[in-house]
Amino acid sequence: MLGAAFAVLLVVACGGVAFLVVNRGSGAARDAAPCEVVAATITVTGAVEGLPDVTFSADGRTVATSGQPVQLWNADTGAPLKNLTHRFRDLTVMAFSPDGKALAMASDKTRIRDFLGFEPTGAAAGQGGMYPLVLWNVETGGPGDLYPHGSPLDGVEFSRDGASLATIEGDDVYLWDRTGRTRGPQALPVTEPHVGGVVFSPDGKLVAVASSLGAVVLYDPATRRAVRTFEKFGDRYTQMRFSPDGAHLAIHNGGAPLKIWNLTTGAAVAQLDLAADDYLVDFVYSADGRSLVTLDQTTDYRRWDAATGQQTGRVRKACGRRNAVAAQYGTLSPDATRATGVDQRTAGGPKQVEVVGLPF
């Protein structure tokens with residue numbers, strides 16, 4: 001016979017999305033790990049198909065939610081800050097510039113002629129069928145610089161100083177100089193197909209590119225030459241983060257362990273042994289670089305020692321809320337002190353996003 005402290009874990013499939021429902025008996029032993037602290041609950045009022053994408057500004061003080069319009073929110077209070085009424089159908093790319101003054105937007109359903117409302121002429125003649133990446137001005141609420149691409153974009157990354165952009169277009173990665181010193185995009189000589197991610201080192205002197213086949217290659221953006229290739233990690237989505245001092249690169253692929261690599265020696269110096277069933281949604285370094293914080297799709301945020309790979313802390317998700325549904329979709333703030341989660345139960349109505357603090 002099961003005791004009163006028995007915890008029932010039930011995975012329920014609904015519309016192709018798995019939910020984790022936790023139901024504890026009245027006598028359940030209490031978990032000593034602290035709970036996330038709900039700082040703000042945001043109700044997205046813009047038109048959104050499915051669930052909204054959510055992204056933090058670099059300082060973690062502003063949250064953007066996708067839809068029409070894109071909405072900006074105070075991450076401390078959940079108060080609305082500004083609506084950005086754009087001209088895209090179903091945003092697929094959304095990212096803040098490091099200074100928070102621009103929000104990069106793109107869609108795989110919107111071409112330049114659709115965005116402009118007319119066929120471009122003059123120097124831009126012939127670009128109407130291309131796909132625009134637009135840097136939306138957060139202060140004025142209007143469009144800024146436009147970067148044309150031949151195919152729909154899969155991602156965008158700013159350098160830490162905001163002077164450069166890296167864009168992913170299918171199997172290709174392009175570097176763009178925002179200072180005007182170099183005209184047009186500079187293509188990296190990527191040889192692995194299906195680019196899955198790109199990230200700049202903190203000093204902007206390296207660009208890491210990951211393919212969906214598992215290879216991770218470091219490039220010098222000044223020369224566009226490959227300077228180091230890491231082992232193939234498998235054929236699943238690869239996530240990467242540079243340490244704040246730029247000395248290490250953390251790489252995770254699918255269900256494999258997260259490894260931290262020394263960029264000088266090329267050797268793995270630490271490994272985070274994630275549970276095989278904990279699909280990693282996001283991970284970031286702490287501001288001092290001494291820890292990594294991971295967000296998985298089950299019930300936990302975890303903190304790890306970046307030097308040893310040992311788990312040093314845990315924060316529970318959705319605790320204290322009876323039969324709460326743990327958010328499968330979420331993102332961590334750049335300084336690893338906050339996170340967002342999208343309540344999947346609101347997919348058919350007003351969308352709700354929680355901003356939570358992580359009391360490690």
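Bear in mind these aren't lab numbers, they're just calculated from the coordinates by the rules spelled out. A quick note: this is a predicted structure, and the numbers were derived from the prediction, not measured. Cβ placement follows ideal geometry from the backbone for every residue including glycine, while neighbour counts extend to all protein chains displayed.
Report the calculated FRET efficiency for D273 and L116 (r = Cβ-Cβ distance, R0 = 56 Å), to the nearest 0.05. Could the numbers behind the result be given before it?
Numbers: r = 51 Å, r/R0 = 0.91.
Computed FRET efficiency for D273 and L116 comes out at 0.65.
Roughly how big is segment 7-357's charge dipole about its Cα centre, with Cβ charges of +1 (Lys, Arg) and -1 (Asp, Glu), in debye to the nearest 20?
Values: 33 positive and 37 negative charges, 90 e Å.
About 440 debye.
Rg and Dmax of segment 174-229 over Cα atoms: what are they, in angstrom?
For segment 174-229, the Cα radius of gyration and maximum Cα-Cα distance read 11.3, 34 Å.
Can you give the extra length, in nm with one decimal, that the chain gains between A187 and T43 once fully stretched, where that is 0.36 nm per residue apart less the Cα-Cα distance? Mind showing how you got there, number by number?
Working: separation 144, 0.36 × 144 = 51.84 nm, distance 4.02 nm.
Gain in length upon complete extension: 47.8 nm.
Using all C-alpha to C-alpha distances in segment 7-357, build P(r) with 10 Å bins and read off the rounded percent in each one.
Reading upward from the zero bin: 5, 23, 33, 26, 10, 2, 0, 0.
Per the Kirkwood definition applied to all pairs of different Cα atoms, how many angstroms is the hydrodynamic radius of segment 145-277? Working shown, then result.
Working: mean 1/r = 0.0660 Å⁻¹.
Averaging 1/r across every pair of different Cα atoms and inverting gives 15.2 Å.
Work out the length of the dipole vector of segment 155-200 about its Cα centre, built from +1 on the beta-carbon of each Lys and Arg and -1 on the beta-carbon of each Asp and Glu, and round it to the nearest 20 debye. Present the calculation step by step, with values, prior to reporting the outcome.
Details: 4 positive and 7 negative charges, 61 e Å.
Here the size comes out at about 300 debye.
When a footprinting reagent is the concern and you count Cβ atoms within 10 Å, what order do T238, T182 take, fewest first?
On the way: T238 26, T182 12.
By the 10 Å Cβ count, ascending, the order reads T182, T238.
Number of Lys-Lys pairs in segment 7-357 under 28 Å by Cα, sequence gap 8 or more or different chains?
The result is 12.
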